[in-house]
Amino acid sequence: MNFSQKLPSKLVDTEFTIIDSSQNPASLTQQIASEMPKMVFQLVDNSLHCVKTTELTNEILYTPCCTLSVNSTIEEAFEELRNTNVALIVNDSNDYVGFLTYEVFSKHLFLEYQRAQAYLKTILQTIDESCTVIDQDANVLYWTKGAEEIFSVKEKDIIGLPITNFFSPERLEILNTLKNGTSLHHSQHHARKDLVVMINSNPVYLNEEIIGAVVSETDITRQILLNNELYNTSEKLFILEEEVRKKSPSVSPFSYIKGNSPSIKQTLDIARKAASSDAAVLIYGESGVGKELFAKAIHNLREPENSPFVAINCGAIPNGLFESEIFGYEKGAFSGANQKGKKGKVELAKNGTLFLDEIGEMPLEMQVKMLRLLQEKKFYTVGGTKEIEVEFRIVAATNRDLKELIKEGKFREDLYYRLNVVNFKVPPLRERPEDIIELTHYFLYELSVKYNRPIHGISQEVMQALLQHDWPGNIRELKNAIERLVAFSENGEIKIDDLPNEMERIPQSTIEDHVVLSSYPTHTTEQLSLQEQLRMYEKDIILKELSKADGNKLLCAKNLEITRATLYNRMNKLGIQL
């Protein structure tokens, strides 16, 4: 209950009267009887009294009463009614508007207490997390089902007993909170040797004194073990990638980024310039555009051959694991973890590149530590006492507007300027539809080899459907769509019916002169280079769309989802008469 709230008007009884103080006892007794069942008040010796008569002798009884404002709080009413049993209520104009008895008020307090208990009980029964409440003597007051599941102790066995009867005091963070008044938020805690929990704890205050403590805990042991497995797998994958790179030293790092559109060429040009310096690089772009490919290309171009590239997805790490993942931890953390401790991503990136993907998702408290790391190139491991120096280059990426996050107080401005030395945006696929043809053929070849399914060609109707889709998932979505087509192909034939359901099918009747665009050389194109074949395919697509639009270039550009200026430019380069 909130004792600072105003006195509820429903508690005030308006059935009362104030009588003249000059009456003699006989007439006073008669008037009191006539006013029943109203409450009668009289001014006696300049103070208000509640006036009643006894049933047997009609003796007049005077009970002192106090005065309360209609704006009084529950706490103020309680203090006044402790000394008197009745209070007259006055409004802002000092007019008497009713009265309140101690009996009515105490019943209201008890009802509110019962309501609060009902809410509290329901809340504790509803939450999944472990929640424990102890009093000032460390006796357990509340113990949720989540606590039963994590600690294997039943509620009926622990309620009312000291929590130290069940757990070792040195592992009970709730005792520190009870004793010292300390609070924790999203802190990693070792509840047992084989159990790691994410913990929140707060002391319970009453009249500025600690009367208990509350702790909530979520088991994250499995998450940590899975995270370690992911780390080990990522490390092996990195080693394999490095081996492949070593065997192909002449290949340009940017050759894996496909596309010849003006927008992607401009982006590649900026990325190459960024790679010529040690400056921090911030890459913007929607999900699926290939930001990590750019980050790896920048790394491979500006770092020595054996330099590490260490990636962290800031949106995939639970808040409580950020610090140990980035800075590492000392040995002996918990059962199942590396007993020798674990190096953090920063230390692994020494003399290489640390790639912070989805940097906009990094928690604010971690941003402070990341800023210090970038400024001083020094850090402490979790649980460590020795400062470690490390040198590395930083590349960050995000699909969010960091300036908007700064305005919202979700991203530090000083960290933004540390990261935003060189920045560029990777254009989404819908803004460079001319790259769809090249990417489609590239993925067709790659995935046909993967599935051992040679593809003889891709029809015009399938290509039209690919070109007209807006690709909200960008290159990742395109690759997934091609993988589906290859996986569902039969006898080397790709069918339009195998396209993902969200993609629009173009009826066969709307496409004149069905043309097969082969992903492999055919008897008509076997002497042509890939670039020449792509020009031929693109020219054919534009001619077909112009025919469908009856020569209306604005409609043609709209159907191809490109600007009219881009259409004119492509027609000119492909030799199509304007």
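Working carefully through the options Ala316, Ala311, find the one that is at pLDDT 85 or above, of a type outside the set (S, T, N, Q) and assigned to a loop (DSSP other than H, G, I, E, B).
So the residue among Ala316, Ala311 that is at pLDDT 85 or above, of a type outside the set (S, T, N, Q) and assigned to a loop (DSSP other than H, G, I, E, B) is Ala316.
Looking at Leu88, is it out of contact with any Asp or Glu (no Cβ under 8 Å at 6 or more places or on another chain), of a type in the set (A, V, I, L, M, F, W, C) and part of a loop (DSSP other than H, G, I, E, B)?
The answer is no for Leu88.
Enumerate the strands (runs of 3 or more DSSP E) found wholly within the stretch 124-196, keeping only those where 1 or more residues are of a type in the set (Asp, Glu).
Here the list reads 130-135.
Name the residue that is most open to solvent (accessible area, probe 1.4 Å), counting only residues in the stretch 172-194 that are farther than 26 Å from Pro363 by Cβ and without any contact (Cβ under 8 Å) to a residue 24 or more places away in the chain.
So, considering only residues that are farther than 26 Å from Pro363 by Cβ and without any contact (Cβ under 8 Å) to a residue 24 or more places away in the chain, the one most open to solvent (accessible area, probe 1.4 Å) is Lys179.
Taking only pairs six or more apart or across chains, which ones have beta-carbon atoms under 7 Å, a first residue in the stretch 62-81 that is more than 21 Å from Lys52 (Cα to Cα), and a second residue that is among the hydrophobic types (A, V, I, L, M, F, W, C) and open to solvent by 50 Å² or more (accessible area, probe 1.4 Å)?
Val70/Val97; Thr73/Phe3; Ile74/Phe3; Glu75/Phe3
Between Ala87, Ala33, which is in contact with a strand residue (DSSP E or B) (Cβ under 6 Å, 6 or more places away or on another chain), of a type in the set (A, V, I, L, M) and either modelled with pLDDT of 80 or more or surrounded by 15 or more Cβ atoms within 10 Å (Cβ to Cβ) (or both)?
Ala87 is the lone residue from the list that is in contact with a strand residue (DSSP E or B) (Cβ under 6 Å, 6 or more places away or on another chain), of a type in the set (A, V, I, L, M) and either modelled with pLDDT of 80 or more or surrounded by 15 or more Cβ atoms within 10 Å (Cβ to Cβ) (or both).
Can you tell me how many residues in the stretch 159-168 are under 17 Å from Val197 (Cβ atoms) and surrounded by 11 or more Cβ atoms within 10 Å (Cβ to Cβ)?
3
Taking the condition of being surrounded by 15 or more Cβ atoms within 10 Å (Cβ to Cβ) and part of a loop (DSSP other than H, G, I, E, B), how many residues in the stretch 541-560 meet it?
Summing the residues that are surrounded by 15 or more Cβ atoms within 10 Å (Cβ to Cβ) and part of a loop (DSSP other than H, G, I, E, B) in the stretch 541-560 gives 1.
Could you tell me how many of the residues in the stretch 104-154 are surrounded by fewer than 11 Cβ atoms within 10 Å (Cβ to Cβ) and among the acidic types (Asp, Glu)?
Going through the stretch 104-154 one residue at a time, the tally reaches 2.
Restricting the search to the stretch 44-64, which residues are open to solvent by 50 Å² or more (accessible area, probe 1.4 Å) and farther than 20 Å from Tyr102 by Cα?
Within the stretch 44-64, Asp45, Asn46, Glu55, Leu56, Thr57, Asn58, Glu59 meet the criteria.
Taking the residues in the stretch 348-376 that are open to solvent by 50 Å² or more (accessible area, probe 1.4 Å) and of a type outside the set (A, V, I, L, M, F, W, C) as candidates, determine which candidate is nearest to the chain's Cα centre (by Cα).
Looking at residues that are open to solvent by 50 Å² or more (accessible area, probe 1.4 Å) and of a type outside the set (A, V, I, L, M, F, W, C), I get Glu361.
Note down all Cβ pairs under 6 Å where the first residue falls in the stretch 289-302 and is open to solvent by 30 Å² or more (accessible area, probe 1.4 Å), the second is assigned to a loop (DSSP other than H, G, I, E, B) and among the small types (Gly, Ala, Ser), and they're at least six residues apart or on different chains.
Listed pairs, sorted by first residue: Leu301/Ala275; Arg302/Ala275.
Looking at (1) at negative phi; (2) open to solvent by 70 Å² or more (accessible area, probe 1.4 Å); (3) not small (Gly, Ala, Ser), find the lone condition where Asn452 falls short.
(1)
Taking Glu305 and the conditions (1) in contact (Cβ under 8 Å) with a residue 60 or more places away in the chain; (2) buried (at least 19 other Cβ atoms within 10 Å of the Cβ), which numbered condition does it fall short on, given that it satisfies the others?
Answer for Glu305: the failing condition is (2).
The values are calculated or read from the model by the stated rules, or taken from the named source; none is laboratory data. This one's a predicted model, so the numbers in the text were calculated from it and none came from an experiment. As a convention, Cβ positions derive from the backbone with ideal geometry for all residues, glycine included, and neighbour counts pool all protein chains shown. When the accessible area is computed, the model is the full protein with side chains, heavy atoms only, and any ligands, DNA or RNA have been set aside. Shrake-Rupley method; radii C 1.70, N 1.55, O 1.52, S 1.80 Å.
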